[in-house]
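All remarks here apply to the structure that follows.
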Amino acid sequence: MNKISIMDVSINNVTKAEAGEKIRNRLEKGGDGIFTIFTPNTEIVMLCNDDSELKRIINKGSMVLPDGIGLIYASRIKRLPLKERVTGFDTSVEILTIAAEKGYKVFLLGGAPGVAEKASANIRKKFGDIICGYQHGYFKGQHIGHADHQEERAIINRINDLKPDIVFVGLGSPKQEKWIDYHGNNLNANLVIGNGGTIDVLSGNVKRAPQFYQNLGLEWLYRLVSDPKRIKRQILLPVFMLKILFGPKDIVKSNN
Ligand code: UDP
């Protein structure tokens, strides 16, 4: 798969449909190790500037999808256009659709207590019996500085006993990427995706931006207005655009 690197974060240049096809193939045929999907948005690419471990982890993901409109603009400005925005949420829904069609099992990990349970109930209603288990994201584990804690070990054992094909990990960035890097290969599953607030949206607790905002590339604005606390992270967006506009030419480059 062709890759474009933005600020040294290497992103697959794929359409939603191509990403879906690749996922479908991998689930059908299996492969070595666990297939890891990361979905960095513009903020996460900026976080990678100051967090080389996060960057290293994302760069070795099996598939890295451009979840932020800023990444698409940056790639166009530098004339190495990414085909389209492919969000973690849409990719997760595609995975649920494939799971429903093929009978794969999904485990949900992440979100506040009660949220993954609510998301499971909604998924069951819409996609059928594809959820084999869920776990909230506030257990003692690697993501909050308790690596290999017994609570985390028990959770991993439970996940493996349930034999999911797919694990959703929604612990926010950079926790989810680091958790997947640390534990991915302990999971007896075919595919894992770090998908941020997807479980919150599936639970119905958080609304995704209406299509109107998405079409205009203004999902970030909708999120900011609905949750002004995000300003702390979203302040990175204009900084990102300035770096792209005035930074070195190879701030965006082709990885072929
Ligand atoms: N989350 C979690 N465990 C944690 C921290 C966060 O399960 O230790 C969940 C949180 O409940 C939310 C998701 O991760 O569902 C995204 O979290 P946050 O809003 O902090 O991340 P962001 O959306 O800013 O990346």
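The values are calculated or read from the model by the stated rules, or taken from the named source; none is laboratory data. Values in this document were obtained by computation on a predicted structure and should not be read as measured data. We place every Cβ from the backbone using ideal geometry, glycine too, and count neighbours over all the protein chains shown. Ligands, DNA and RNA are stripped out before the accessible areas are found, and what is left, the full protein with its side chains, is counted by its heavy atoms. Shrake-Rupley method; radii C 1.70, N 1.55, O 1.52, S 1.80 Å.
Points worth noting:
- Cross-link partners for Lys22 among the aspartates and glutamates, with Cα-Cα distance under 13 Å and sequence neighbours closer than 8 places in the same chain left out: Glu94.
- Here the calculated FRET efficiency for Asn186 and Met241, from their Cβ-Cβ distance with R0 = 45 Å, stands at 0.70, rounded to the nearest 0.05.
- For the range 62-164, alpha-carbon Rg relative to the globular expectation (2.2 N^0.38 Å, N residues): 1.34
- For the range 3-203, the fraction of alpha-carbon pairs in successive 10 Å shells from zero, as %: 9, 38, 37, 15, 1
- Charge context of Glu53, other residues only, Cβ under 11 angstrom, K/R +1, D/E -1: -1
- Over the range 99-146, equivalent-ellipsoid semi-axes from the Cα gyration tensor in Å: 24, 12, 6
- Think of a 1.4 Å ball rolled over the protein heavy atoms: the range 3-203 then has 40 Å² of accessible area per residue.
- Given charges at beta-carbon only (K, R positive; D, E negative), |dipole| of the range 3-203 in Debye: 440 debye
- Net charge of Cβ neighbours under 15 Å - reference Phe212; Lys, Arg +1; Asp, Glu -1: +2
- Using alpha-carbon coordinates, inclination of helix 88-102 to the longest axis of the chain, degrees: 40 degrees
- Crossing angle, helix 150-162 versus the chain [Cα axis fit, 0-90 degrees, rounded to tens]: 80 degrees
- Angle between the chain longest axis and helix 16-29 axis [Cα atoms, degrees, rounded to 10]: 40 degrees
- Shape call, the range 173-256: gyration tensor on alpha carbons, a/c limit 1.5: oblate
- Of the solvent-accessible surface of the chain, computed with a 1.4 Å probe over protein heavy atoms with every protein chain present, carbon and sulfur atoms account for 52 percent.
- Antiparallel DSSP beta bridges within the range 3-203, percent to nearest 5: 20 percent
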